[in-house]
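One structure below.
FYI, it's all coordinate maths here, none of it is from the lab. Because the structure is predicted, anything quoted here is derived from the model rather than measured. Here Cβ is always computed from backbone atoms with ideal geometry, including for glycine, and neighbour counts include all displayed protein chains.
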Amino acid sequence: MGKFFGTDGFRGEANVDLTVMDAFKVGRFLGWYYGRKHPGKRCRIVIGKDTRRSSYMFEDGLSAGITASGADVYLMHVTTTPSVSYIARVDEFDCGVMISASHNPYYDNGIKVINGNGEKLDDETIEKIEEYLEGKIGEIPYAKRADIGRTVDYAAGRNRYIGYLISIARKSFKDKHVALDCANGSASAIAKPVFDALGAHTHVLANEPNGTNINDGCGSTHVERLQQFVISEGCDLGFAYDGDADRCLAVDEKGNLINGDQIMYICGKYMKEKGELNDDVIVATVMSNLGFFKALEREGMKYEKTKVGDRFVYENMAANGYSLGGEQSGHIIFAKNATTGDGILTSLKLMDVVLEKKSSLSKLAEECPMYPQCLKNVRVSDKKTAVENEAVQAAVKAVEEKLGDSGRILLRESGTEPLIRVMVEAQSHEECEARVDEVIDVMKKEGLVTC
């Protein structure tokens, strides 16, 4: 990844790391770049945003830049990342832009660019955007007179996406009590209408965004409230989305968290039985739980591992024709229906399995027990130096030898922050934490940790 764009777009604190002028410049480049690809045809770019206060500012900045370069902007307003991906693809836009920092706090924001096929942008185009932001590309000409672009209200695109989601469900949700935690984010505009239309008794939490409460003690990064609600209200299950609703975690009727690995196992096993799991393969990342991989092997399913990021999962799926993949965090991709992680779609797919199997979610999930896992983030001055440090590498090797076949350790760089993530899976939480701390202690002794 480059100086500005990480694994999931250009992200940082609004008007500190990512300014409104950055948004204007990104818009200027996109309008010019895609406008040149089809001479004589007006370039069309669709924009969606989450509920952060700064999203409105960035929407205006992007729109001004795009129209100043001669392209037209179509505004879906508050909507989800996967809805922008879907509309960019089916309505043949040149590209799409989602304004969101996903699960980050409200004061952060981000710009995610999606190509006309509904996919995350390729590295070559990202490099060109970064070159323009750094002043390495000459000034882009302003459009004049009738060539200046315009802004179009496109809330109809969001409604079309809602209709698409409703069409995917195979069964009625009648008599099912379902709790939805919308994270005071993008799902607030979409999730409840979908579940209501499918007949569910829908109970909604964190569905009143005010610009500063997105992900605040709610959503997929804070599922405790949803767990308590499902138990107290006697719900059949619950779903928690993140700020832009491209990920989903579930809660069973007993209040247990069902993570992305378990969701992939449940859906993958069902798809295999229906002959819908291509080559019986699920694509996961190196962060998926050891228990998940062992459960797949037991059921005769295979897996492939990628780097962390649903973009890398999708690239593997697209290259090999696989139908299911995702991350433990809840980014799940169903290739038949989407080109990116889609939280609401994931919840519909899981509902289908629960209804078809006439089973509780807890019963389905118990087939895929998770190994105890400990993950700690360490802030460092230089990620590459920290990972390649000889003493750190020796500590990792020593932990691997202690764990043997009963666990594993993973050391990786964050794609968006100056962090090293140290993760251990073992037979007990105590052992996990002890092994993680062994490596972190070495990093501290080596002077690699900043705070």
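Footprinting exposure proxy ranking of VAL152, VAL230, VAL354, VAL204, fewest other C-beta atoms within 10 angstrom first, gives VAL152, VAL204, VAL354, VAL230.
Placing dummy labels 7 Å off each Cα toward the beta-carbon, the span from ARG36 to VAL90 is 3.3 nm. Sticking with the crude label model, points 7 Å out along Cα→Cβ, report the distance from GLU276 to LYS128 in nm, one decimal please. For the pair GLU276/LYS128, the computed spacing is 3.7 nm. Across region 205-217, rounded Karplus estimates of 3J(HN,Hα) from the backbone phi angles (6.51 cos²θ - 1.76 cosθ + 1.60, θ = phi - 60°) give 10, 6, 10, 10, x, 10, x, 10, 9, 4, 6, 7, x Hz, Gly and Pro being marked x. Note: relative contact order over the chain, using C-alpha pairs below 8 Å and six or more positions apart, is 12 percent. Mean residue ellipticity at 222 nm, helices only, the chain: -12000 deg cm²/dmol; runs of at least 4 DSSP H residues each add -39,500 (n - 2.57), and the sum is divided by the number of residues. Looking at region 75-142, the chymotrypsin sites (Phe, Trp or Tyr not before Pro) that sit in a DSSP loop and have at most 13 other Cβ atoms within 10 Å of their own Cβ are TYR142.
Residue separation of ALA197 and ALA398 scaled by 0.36 nm, minus their Cα-Cα distance, works out to 66.9 nm of gained length.
Residues within the reach of a label modelled at ILE166 (point 7 angstrom out along Cα to beta-carbon, backbone nitrogen below 16 Å), restricted to region 199-224, are 199-202. Dipole orientation for region 169-365: of the candidates TYR270, SER362, LEU290, TYR270 has the Cα lying most toward the positive pole (charges on Cβ; Lys, Arg +1; Asp, Glu -1).
Taking amide H positions as modeled 1.01 Å from N, with prolines and chain starts lacking one, the residues under 5 Å from LEU121 and 5 or more places away or on another chain are VAL113, ASN115. Taken over the C-alpha atoms, region 164-289 has Rg and Dmax values of 15.1, 46 angstrom. Ranked for footprinting exposure by Cβ neighbours inside 10 Å, fewest first, SER102, SER63 give SER63, SER102. For region 246-400, the ratio of Cα radius of gyration to the globular rule of thumb 2.2 N^0.38 Å stands at 1.12. The phi torsions of region 344-360, fed into the Karplus equation with coefficients 6.51, -1.76 and 1.60 and a -60° offset, translate into couplings of 5, 4, 4, 5, 5, 5, 5, 4, 4, 5, 4, 6, 5, 7, 6, 10, 7 Hz, rounded to whole numbers, with Gly and Pro shown as x.
For region 5-158, the share of DSSP beta bridges that are antiparallel, to the nearest 5, is 45%.
Straight-distance candidates among the lysines for linking to LYS445, with alpha-carbon spacing under 23 Å and chain neighbours fewer than 8 residues away dropped: LYS376, LYS383, LYS384, LYS397, LYS402.
Dipole of region 1-140 computed with +1 at Lys/Arg Cβ and -1 at Asp/Glu Cβ about the Cα centre; of PHE93, PHE58, ASN117, farthest Cα towards the positive end is PHE93.
Across the options VAL251, MET76, MET423, the greatest Cα extent toward the positive end of the charge dipole of the chain (unit charges at beta carbon of Lys, Arg, Asp, Glu) belongs to MET76. Under the shape rule built on the C-alpha gyration tensor, where the axes satisfy a ≥ b ≥ c, the chain is oblate, since a/c reaches at least 1.5 while a/b does not exceed b/c. Close amide H contacts of TYR303 (hydrogens built in the peptide plane, cut-off under 5 Å, sequence separation of 5 or more or a different chain): ILE282.
Ranking of PHE10, PHE4 by neighbouring Cβ atoms within 10 Å, starting from the fewest: PHE4, PHE10. For region 5-158, the gyration tensor built on C-alpha atoms gives a rounded shape. Its axis ratio a/c (a ≥ b ≥ c) stays under 1.5. Spin-label pair SER362-GLU446: with each label point 7 Å from Cα along the Cα-Cβ axis, the two points sit 4.5 nm from one another. Only lysines eight or more places from LYS128 in sequence, or on another chain, were considered; those with a Cα closer than 23 Å are LYS3, LYS25, LYS37, LYS41, LYS112, LYS120, LYS136. With K and R counted +1 and D and E -1, the other residues having a Cβ less than 11 Å from that of ASP122 yield a net charge of -2. Along region 76-83 the Karplus relation, 6.51 cos²θ - 1.76 cosθ + 1.60 evaluated at θ = phi - 60°, assigns HN-Hα couplings of 8, 6, 5, 7, 9, 4, x, 5 Hz to successive residues, with x for each Gly and Pro.
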